[in-house]
1. Quick one: in the stretch 67-87, which of the residues that are in a helix (DSSP H, G or I) and among the charged types (D, E, K, R) is surrounded by the fewest Cβ atoms within 10 Å (Cβ to Cβ)?
2. Can you name every residue in the stretch 332-364 that is β-branched (Val, Ile, Thr) and either over 24 Å from Thr382 (Cα atoms) or within 15 Å of the ligand (Cβ to nearest atom) (or both)?
3. Could you check Ala438 against (1) under 24 Å from the mean Cα position of the chain (by Cα); (2) under 15 Å from Phe313 (Cβ atoms); (3) of a type in the set (A, V, I, L, M, F, W, C) and say which number it fails?
4. Please state which one of Glu157, Glu193 is in contact (Cβ under 8 Å) with a residue 40 or more places away in the chain, under 19 Å from Thr22 (Cβ atoms) and within 16 Å of the ligand (Cβ to nearest atom).
5. So, Asn309, is that one surrounded by 14 or more Cβ atoms within 10 Å (Cβ to Cβ) and in a loop (DSSP other than H, G, I, E, B) or not?
6. Is at least one residue of the stretch 158-176 of a type outside the set (A, V, I, L, M) and within 24 Å of Ile369 (Cβ to Cβ)?
7. Show me the strands (runs of 3 or more DSSP E) entirely contained within the stretch 324-434 in which 2 or more residues are free of Cβ contacts under 8 Å to residues at least 24 places away in the same chain and either surrounded by fewer than 20 Cβ atoms within 10 Å (Cβ to Cβ) or β-branched (Val, Ile, Thr) (or both).
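Nothing in this text is a laboratory measurement; each read-out follows from the coordinates by a stated rule. Because the structure is predicted, anything quoted here is derived from the model rather than measured. Using ideal geometry, Cβ is built from the backbone for each residue, glycine included, and neighbour counts are taken over all protein chains shown.
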Amino acid sequence: SEDGCLSIVVLGASGDLAKKKTFPALFNLYRQGFLQSHEVYIFGYARTKISDDDLRDRIRGYLTPNKNTAEGHTEDVSKFLQLIKYVCGSYDAAEGFQCLDKEISEHEISRNSIEGSSRRLFYLALPPSVYPPVCKMIKTYCMNKSDLGGWTRIVVEKPFGRDLESAEHLSNQIGELFEEPQIYRIDHYLGKELVQNLLVLRFANRFFLPSWNRDNISSVQIVFREDFGTEGRGGYFDQYGIIRDIIQNHLLQVLCLVAMEKPISLKPEHIRDEKVKVLQSVAPLNDEEVVLGQYDGYLDDPTVPAGSNTPTFATMVLRIHNERWEGVPFVLKAGKALESRKAEIRIQFKEVPGDIFKCQKQGRNEFVIRLQPSEAMYMKLTVKKPGLEMSTAQSELDLSYGQRYQDVTIPEAYERLILDTIRGDQQHFVRRDELKAAWEIFTPLLHRIDKSELKSVSYKPGSRGPEEADELLKKVGYVQTHGYTWIPPTL
Ligand code: BG6
């Protein structure tokens with residue numbers, strides 16, 4: 001089924017997601033030779049009445065070279081843009097989709113090497129409110145019609161609903177039209193290099209096998225920080241808040257990969273089965289272990305409703321009730337307008353039993369996986385301080401990608417994930433039952449926040465967030481190392 005014409009249709013082609021992520025990802029794939037066959041064609045679809053060239057002009061500025069690919073960039077941009085054709089139409093009327101189908105079919109007839117076979121990928125760079133009508137239109141007018149091979153797939157992105165009920169409703173609507181193997185729910189954190197590395201790290205290294213459990217690990221933190229606020233998207237953000245925007249999807253997906261048992265094989269279904277089990281083992285959240293914050297100034301955004309209680313920061317403890325993790329707090333923390341931009345996983349180990357160096361020690365072992373920026377993993381450990389004296393110091397074993405893999409350009413998350421959708425690999429996409437289990441965890445808490453039964457405390461933009469969050473961390477047993485900071489190596 002991986003042969004025949006490939007038509008990639010970007011719906012919402014003139015929107016932000018398409019311009020900033022989808023088209024640049026397609027361009028990078030093109031540059032690496034993945035979309036260069038004469039059988040590949042790209043269609044942009046949106047409501048605005050513009051020409052092919054107008055669309056190309058809107059995209060061009062976002063197709064920027066990176067350090068290893070500057071050569072030949074301009075020519076490649078021109079060639080790539082020529083692959084794009086624009087079709088204008090609404091999201092809920094037959095006409096536009098009939099026209100789209102006609103364009104796709106014409107392209108297929110003129111280019112197809114394998115008669116009748118065709119592959120159609122629909123990327124919905126659209127607000128979820130129009131997913132149901134758009135899916136209906138695709139199903140009615142634009143499916144791959146051939147019995148001779150090929151497929152039709154749709155790619156959708158969060159927010160998938162606002163809570164369990166609305167998410168299930170959306171899933172039902174889409175599920176009536178498409179089978180699960182045709183639906184690709186993107187969570188772009190699953191496309192990040194170090195997130196993709198987690199399974200390899202955990203299950204291909206003897207080091208980790210015996211230590212990755214409650215006997216050795218005292219806490220796990222999964223942290224997302226941004227050093228900017230909701231500038232320009234306050235209106236959107238306010239309907240969702242940081243839990244729906246980051247924690248329920250991106251951080252929870254990372255948690256699954258950190259906590260899951262070893263899958264039977266690398267088959268996508270086997271991996272996703274294990275992720276679902278972790279989610280189903282999460283105990284109901286305890287209000288005492290949740291801190292919500294909102295940065296000062298958030299309410300000044302004219303698009304944010306006055307008096308909004310929407311959190312722009314949250315720290316919460318998830319408890320996984322199973323044999324491996326009972327008693328180990330998984331702390332998920334995310335915030336906007338903080339002091340830095342970074343995302344990392346921090347695994348802290350317990351004290352050494354019967355420690356004879358205790359009086360001199362400054363900290364516990366930690367294994368840190370830095371997702372961004374400066375991808376790295378490092379192990380904080382205690383060593384003898386080099387020199388004549390017998391004293392100890394905190395040091396690290398450091399695998400910094402920028403240094404270790406100097407000639408490698410790390411692909412963008414979207415690039416990789418779009419390639420997976422073309423190849424038909426669902427490993428890094430969220431399955432329906434996974435999505436449901438994820439909403440089950442957060443829905444009661446979200447409803448209490450929506451009703452203002454739980455309040456956000458304020459914090460200063462550019463700070464670490466509310467102090468209460470650090471106190472919570474301490475309460476659940478996290479021990480901060482004093483006098484040690486990891487410094488990413490410079491080239
Ligand atoms: C998006 C959120 O999913 O992820 C944004 O909606 C956030 O609020 C973004 O800024 C962060 O992605 P990344 O890849 O820059 O960490």
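1. Glu75
2. Ile345, the sole residue that qualifies.
3. Here Ala438 meets the rest and fails (2).
4. The unique qualifying residue is Glu157.
5. yes
6. yes
7. Of the strands (runs of 3 or more DSSP E) lying wholly inside the stretch 324-434, those with at least 2 residues that are free of Cβ contacts under 8 Å to residues at least 24 places away in the same chain and either surrounded by fewer than 20 Cβ atoms within 10 Å (Cβ to Cβ) or β-branched (Val, Ile, Thr) (or both) span 376-384, 392-400.
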